[in-house]
Amino acid sequence: MEKTESSVLVIGGGVAGIQASLDLADKGVIVHLVEKTPSIGGRMAQLDKTFPTNDCSICILAPKMADCFGHPNINVWTMSEVVGLEGSRGNFKAKVLKKARYVDENKCTGCGECLEKCPTKELPNTWEQKLTTRRAIYMQFMQAVPRVAVIDPENCRFLLEGKCGVCKKVCKREAIDYEQKDVEMEFNVAAVVVATGFDVWDPTPSTEYGYGKYPNVFTAMEYERIINAAGPTHGHIQRRSDGNEPATMAYIQCVGSRNLKTGHPYCCSVCCMHSTKESMLAREHIEGIKSTIFYKDMRACSKGFNEYVERNKRDYGVEYINSDATVQGQKENGNPIVSFDIAGKSQQREFDMVVLATTLVPAKGNVELAKTLGIELDEFQFFKALDHTLEPISSSRPGVYLAGYCAGPMDIPESVAMGSAAAAKAMEALVQRKVFA
Amino acid sequence: MTKIEKIIEDAGAFDCVECGKCTSLCPVAKINPNFAPRLIVVKAQAGMESEVKADKDIWSCVTCEICNDMCPYEVDFSGFIQRMRGEAVDMGNSPVCSEAGAVHTMQRLTGKGQKQNRLLWLTDDLKVKDNGDVFFFTGCAYQLGVLFKDKAEELKRVPASVVKILNAAGIEPVVSNNEVCCGHDLIWSGNEAVFEELMRKNVETIKATGAKTVVFSCAEGYRTFSIDYQDFLGDLDFEVKHISEYLLDLIKEGKLEFKDSNAKVTYHDSCRLGRHMGVYEQPREILKAMKVELVEMPSIKDKAICCGVNAFASCSEVSRKMQLDRLLEAKGTGTSAMLTFCPKCLIHYNCLLTMEKKPLELDKVEINVRDFSNFIAENLKGGK
Amino acid sequence: MTEWDPKIVAFCCNWCSYAGADLAGVSRMQYPPNARVIRIMCTGRLEPEFILRALELGADGVLVAGCHIGCCHYISGNERAEVKIAMTAELLDVLGMDKRRLRLEWISASEGRIFADTMKDFVNQLKELGPNPVKGGAK
């Protein structure tokens, strides 16, 4: 296999970015995979199971993450962000800022000693949707790749005041380096693949759902972490108010999506399926649990999806009610009261627990990144394709390609497919450079 | 396109996806399960116009606009109800009005052309002008205070309070004896013809004074001028402001000073000021500036519970239940007064509180429902 | 052009004043025929709306006649009427319709003479006040 001189920059270490990197690397291209957080894996690593196969999400992702990290042609740069992109297709100069982790990636073995000794506790763990806490030195999640600790500079006593230093003392490999600085790097690349994914919308402003007010109302992502065996409750479904197991659960669809008022009029495309999956899984965790899904329309379009939904109704006894719903009160025992409409009659029913299928929104950093990369955003702040119908992979700037949810709502298989497509398009830039060189 | 088809299209009824969110939030539907905003829109979509026009439930809607506010597809349900009521009345589907319709008759009578005595509240210490930049639209507050003497006598003092506050800030507003009712109750009870007459009279009266800004203490008058008048006439030649917005600007300029107060109050967001016009923060800012302690009820701002009666055309047990729920929330705050800018809310809550046979839960409710403008005037430095 | 004659709507309670009006008639007492009498069971039945609507529809004056205080067939109906009429009168003033167009009299079943005299007096007063301004009459 002839190694080419030129390389490709992949921005975003989620499943789309990982797939694009592996595809390119297997063809002999050098890939610079830039990931903002301390570990690759993205949203798929946060999920419990994937629909419609109910595969364990991290189990099918981790081999790819390991392959990616260990691949001789892929350079994984975590804690990094792209801060500049100059040049043109075939000949870009990308500026990447790698933020200090304060832990030497070459020395840390991920043994975890420092994690237990850090005195600064009770920091909200955003990866676990704030359902549990972490310390100032932490591992993003247990299967993190690279399996290296990271120090939070805004809460570390040593970095702020010069006190403590316990982690350095207990580290047997001398991997802690408080002096570490942010590093600016430059890469010459032929093409760029953007795969920055999505954020989960916070439903607190929509007070009709009572999120934040009623403790037993959860977002779907919180719920994924709860049912995950490696999550904060070790896979036990528990209510926030009293830790009890629910006997009845409600899932409310289209929370924030398909809604002109919240500014997200698009359909997030996955929540009908993930609520189906979650209610199915609930049955496997708690025998006899009765779940109800409140939906506007049931969007089960791809291969195996409709059968999945029917199976849920038939074999798992999940009730599907065609009505939007809101949560406007709770009983004294903490049961949220769900209000809905059947055939024009307003109804109220109490449930032990409510899961909101909150919409997924373009990542916060998209606006900045679009400016940095010189590509256009659409009216919802997803990255805009060159042509919606016939050039969905190319962005508005030649040489910059799009993959995954950052380009528009899609599920995991679609993101993987688009990752491969973006890799193929990126190859064009490389090959053409070679032809015209 | 027929008139009905235009009403349905203007309301955006064809955007409705029948999700039912409106019905899940509707305060009337919760108490009366036979009423559902979704069904009315669906029937209209399906072309069942005559059924919609003949439906008595078109009068059950309290037009609180919580459905409008929450609809993911921005269907204008209250606008649809307003215009359908005009059609309904034409074919004999009339509401059962409170007080046998006396309020509407009084409102119509203001506009018959006779010389009224609207300024009986104007005492010598209050300074007003006949022409000028700022017009204070007094509305029917005084008249309602007379009509509902047993429930809302303090409404008689509202115009004087507002003028007193404006004078204290160095402003002499224009007031006119030629004002007529803004027409709010008439257009919401299906009487478009009289509404138009009243509207044109008011706009003429204001134009004649040369005013550039018209200030309202009444939430309903404010909404009617801002939305309904502009729907009919297009842009008006003057700016329309609510007293809470106007006073807040004056307070920020340091033109108003208040007495020290240890009052603890709660604030009721009336539908017309809140959901209809989006004015939520200004009254709260005024209370902050007055250093009055505000204890919020559980349902506030865009989720505030409506007082249950709309244009005196929808009073029923449903209204009573809504009023009861709200007063119990107010009681729960432990404050002594619930302030509101809407004279109708004041009347309806006091109607429940002064009933001879009150609901048992109201027995220990010690809350006073008070007009906000009067409250501000009472707390002015140097004031009574 | 015919000279204007005031139109009066008279609400008379069944037990006292309607009987009083009857007595005036049976005794052939002369009084101007301007009133349209509407019998109600008690003045307490009166709604302010009746008065306002009568005036809106073109009546020049409204007379309300009932039992003397303390003699109401339903004990206190006339007391309630007194309160409502006072309020309506104040409202009429504010509306610019002159509260003298509304008159409240207590007339018992034997006071046919008083009924006739009241009518004469009311018609004269209304002639002074002029036509109901709401009809377009100048005021």
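How many residues are of a type in the set (A, V, I, L, M, F, W, C), facing another protein chain (nearest Cβ under 7 Å), buried (at least 19 other Cβ atoms within 10 Å of the Cβ) and out of contact with any Pro (no Cβ under 7 Å at 6 or more places or on another chain) if we restrict to the range B:99-115?
Of the range B:99-115, the ones of a type in the set (A, V, I, L, M, F, W, C) are B:100, B:102-103, B:106, B:109.
Right, trim to facing another protein chain (nearest Cβ under 7 Å) and you get B:100, B:102, B:106, B:109.
Within this subset, residues satisfying the condition of being buried (at least 19 other Cβ atoms within 10 Å of the Cβ) are B:102, B:106, B:109.
Filter once more, keeping what is out of contact with any Pro (no Cβ under 7 Å at 6 or more places or on another chain): B:106, B:109.
Qualifying residue count for the region: 2.
Would you mention how many residues in the range B:18-33 are more than 7 Å from chain A (Cβ to nearest Cβ) and either acidic (Asp, Glu) or not in a helix (DSSP H, G or I) (or both)?
Step one: of the range B:18-33, the residues more than 7 Å from chain A (Cβ to nearest Cβ) are B:18, B:22, B:27-28, B:31-32.
Subsequent filtering for residues that are either acidic (Asp, Glu) or not in a helix (DSSP H, G or I) (or both) retains B:18, B:32.
Of the residues in the range B:18-33, 2 are more than 7 Å from chain A (Cβ to nearest Cβ) and either acidic (Asp, Glu) or not in a helix (DSSP H, G or I) (or both).
Among (1) modelled with pLDDT under 95; (2) in the same structural domain as B:Trp188 (by TED's automatic domain parsing); (3) at negative phi, where does B:Lys21 come up short?
The number of the failed condition is (2).
Could you check, for the range B:80-93, whether at least one of its residues is under 14 Å from B:Thr23 (Cα atoms) and either under 17 Å from the mean Cα position of the chain (by Cα) or part of a helix (DSSP H, G or I) (or both)?
Restricting attention to the range B:80-93, the residues satisfying the condition of being under 14 Å from B:Thr23 (Cα atoms) are none.
Within the range B:80-93, not a single residue is under 14 Å from B:Thr23 (Cα atoms) and either under 17 Å from the mean Cα position of the chain (by Cα) or part of a helix (DSSP H, G or I) (or both).
Give me a count of the residues in the range B:36-87 that are closer than 22 Å to B:Gly274 by Cβ and at pLDDT below 90.
Residues that pass the stated criteria total 1.
Limited to the range A:112-149, what total is found for residues that are within 23 Å of A:Cys68 (Cβ to Cβ) and either open to solvent by 40 Å² or more (accessible area, probe 1.4 Å) or part of a loop (DSSP other than H, G, I, E, B) (or both)? Write out each step before concluding.
Kept after step one, since they are within 23 Å of A:Cys68 (Cβ to Cβ), are these residues of the range A:112-149: A:112, A:127, A:138-149.
From the residues that got through so far, the ones that are either open to solvent by 40 Å² or more (accessible area, probe 1.4 Å) or part of a loop (DSSP other than H, G, I, E, B) (or both) too are A:112, A:127, A:138-144, A:146-149.
Final tally of qualifying residues: 13.
Can you report the number of residues in the range B:69-98 which are of a type outside the set (D, E, K, R) and within 14 Å of chain A (Cβ to nearest Cβ)? Write out each step before concluding.
Filtering the range B:69-98 for residues of a type outside the set (D, E, K, R) gives B:70-73, B:75, B:77-82, B:84, B:86, B:88-89, B:91-98.
Retained after the next criterion (residues that are within 14 Å of chain A (Cβ to nearest Cβ)): B:70-73, B:75, B:77.
Adding up the residues that qualify gives 6.
Can B:Arg118 be described as within 9 Å of another protein chain (Cβ to nearest Cβ), open to solvent by 10 Å² or more (accessible area, probe 1.4 Å) and in contact (Cβ under 8 Å) with a residue 24 or more places away in the chain? Please lay out each step first, then the result.
On the way: within 9 Å of another protein chain (Cβ to nearest Cβ): yes; open to solvent by 10 Å² or more (accessible area, probe 1.4 Å): no; in contact (Cβ under 8 Å) with a residue 24 or more places away in the chain: yes.
In short, no.
So for the range A:59-71 (the condition being assigned to a helix (DSSP H, G or I) and either over 21 Å from the mean Cα position of the chain (by Cα) or not assigned by TED's automatic domain parsing to the domain that holds A:Val416 (or both)), does at least one residue qualify?
Step one: of the range A:59-71, the residues assigned to a helix (DSSP H, G or I) are A:59-70.
Checking which are either over 21 Å from the mean Cα position of the chain (by Cα) or not assigned by TED's automatic domain parsing to the domain that holds A:Val416 (or both) leaves us with A:70.
Yes, the range A:59-71 contains a residue that is assigned to a helix (DSSP H, G or I) and either over 21 Å from the mean Cα position of the chain (by Cα) or not assigned by TED's automatic domain parsing to the domain that holds A:Val416 (or both).
Looking at (1) open to solvent by 10 Å² or more (accessible area, probe 1.4 Å); (2) in contact with a strand residue (DSSP E or B) (Cβ under 6 Å, 6 or more places away or on another chain), which is the only condition A:Gly256 fails?
If we test A:Gly256 against (1) open to solvent by 10 Å² or more (accessible area, probe 1.4 Å); (2) in contact with a strand residue (DSSP E or B) (Cβ under 6 Å, 6 or more places away or on another chain), just (1) comes out false.
Considering only residues of the range A:185-213 that are open to solvent by 70 Å² or more (accessible area, probe 1.4 Å) and more than 26 Å from the chain's Cα centre (by Cα), which is modelled with the lowest pLDDT?
A:Asn188
Look at B:Lys127 and say whether it is outside any helix (DSSP H, G or I), in contact (Cβ under 8 Å) with a residue 24 or more places away in the chain, open to solvent by 10 Å² or more (accessible area, probe 1.4 Å) and basic (Lys, Arg).
On the way: outside any helix (DSSP H, G or I): yes; in contact (Cβ under 8 Å) with a residue 24 or more places away in the chain: yes; open to solvent by 10 Å² or more (accessible area, probe 1.4 Å): yes; basic (Lys, Arg): yes.
Considered against the rule, which asks whether it is outside any helix (DSSP H, G or I), in contact (Cβ under 8 Å) with a residue 24 or more places away in the chain, open to solvent by 10 Å² or more (accessible area, probe 1.4 Å) and basic (Lys, Arg), B:Lys127 comes out as yes.
Scan the helices (runs of 4 or more DSSP H) fully inside the range B:188-252 and keep the ones with 2 or more residues being charged (D, E, K, R), touching a residue at least 60 places away in the same chain (Cβ under 8 Å) and out of contact with any helix residue (DSSP H, G or I) (no Cβ under 6 Å at 6 or more places or on another chain). Reasoning before the result, please.
Values: elements: B:192-209, B:219-223, B:230-233, B:243-252.
Because the criterion is at least 2 residues that are charged (D, E, K, R), touching a residue at least 60 places away in the same chain (Cβ under 8 Å) and out of contact with any helix residue (DSSP H, G or I) (no Cβ under 6 Å at 6 or more places or on another chain), the helices (runs of 4 or more DSSP H) in the range B:188-252 that meet it are B:192-209.
Which numbered condition trips up B:Cys182, out of (1) buried (at least 24 other Cβ atoms within 10 Å of the Cβ); (2) assigned to a helix (DSSP H, G or I); (3) more than 14 Å from chain C (Cβ to nearest Cβ)?
Only one criterion in (1) buried (at least 24 other Cβ atoms within 10 Å of the Cβ); (2) assigned to a helix (DSSP H, G or I); (3) more than 14 Å from chain C (Cβ to nearest Cβ) is unmet by B:Cys182, namely (2).
Filter the range A:258-273 for residues that are among the aliphatic types (A, V, I, L, M) and part of a loop (DSSP other than H, G, I, E, B); which is nearest to the other protein chains (Cβ to nearest Cβ)? Outline the logic, then answer.
The first filter runs over the range A:258-273 and keeps only residues among the aliphatic types (A, V, I, L, M), leaving A:260, A:270, A:273.
Add one more test, that the residue is part of a loop (DSSP other than H, G, I, E, B), and what stays is A:260, A:270.
Details: A:Leu260: 5, A:Val270: 18 Å.
Only one residue fits best here, namely A:Leu260.
Being within 14 Å of chain B (Cβ to nearest Cβ) and closer than 15 Å to B:Ala100 by Cβ, is that true of even one residue in the range C:32-40?
First, the residues of the range C:32-40 that are within 14 Å of chain B (Cβ to nearest Cβ): C:40.
Cutting the leftovers down to closer than 15 Å to B:Ala100 by Cβ gives us C:40.
Yes.
Looking for whichever is surrounded by fewer than 18 Cβ atoms within 10 Å (Cβ to Cβ) and in contact (Cβ under 8 Å) with a residue 24 or more places away in the chain here; the options are B:Glu74, B:Glu65, B:Glu87. Which one fits?
Result of the check over B:Glu74, B:Glu65, B:Glu87: B:Glu74.
With respect to B:Ile58, is the statement that it is within 25 Å of the chain's Cα centre (by Cα) and more than 9 Å from chain A (Cβ to nearest Cβ) true?
Working: within 25 Å of the chain's Cα centre (by Cα): yes; more than 9 Å from chain A (Cβ to nearest Cβ): yes.
Yes.
Residues are listed down the side, and each one gets a yes or a no for (1) within 22 Å of the chain's Cα centre (by Cα); (2) at pLDDT below 95:
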position	(1), (2)
B:Asp130	no, yes
B:Val134	yes, no
B:Leu144	yes, no
B:Lys149	yes, yes
B:Ala152	yes, yes
B:Arg157	yes, no
B:Val175	yes, no
B:Ile187	yes, no
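Wholly within the range B:262-358, which helices (runs of 4 or more DSSP H) include no fewer than the required count, namely at least 3 residues that are touching a Gly at 6+ places or on another chain (Cβ under 7 Å), under 24 Å from A:Gln330 (Cα atoms) and open to solvent by less than 10 Å² (accessible area, probe 1.4 Å)?
Working: elements: B:281-289, B:317-332, B:343-353.
In the range B:262-358, the matching helices (runs of 4 or more DSSP H) lie at B:317-332.
Given the condition free of Cβ contacts under 8 Å to residues at least 60 places away in the same chain and open to solvent by 10 Å² or more (accessible area, probe 1.4 Å), answer yes or no: does some residue in the range A:356-367 qualify?
Here is the first cut: in the range A:356-367, the ones free of Cβ contacts under 8 Å to residues at least 60 places away in the same chain are A:367.
If we keep only those that are open to solvent by 10 Å² or more (accessible area, probe 1.4 Å) as well, we get A:367.
Yes: one or more hits.
The values are calculated or read from the model by the stated rules, or taken from the named source; none is laboratory data. Given the structure is predicted, the values throughout are model-derived calculations rather than measurements. FYI the Cβ positions are ideal-geometry reconstructions off the backbone, even for glycines, and counts take in every protein chain you see. Quick note on the areas: whole protein, heavy atoms, side chains included, nothing else; ligands and nucleic acids left out. Shrake-Rupley method; radii C 1.70, N 1.55, O 1.52, S 1.80 Å.
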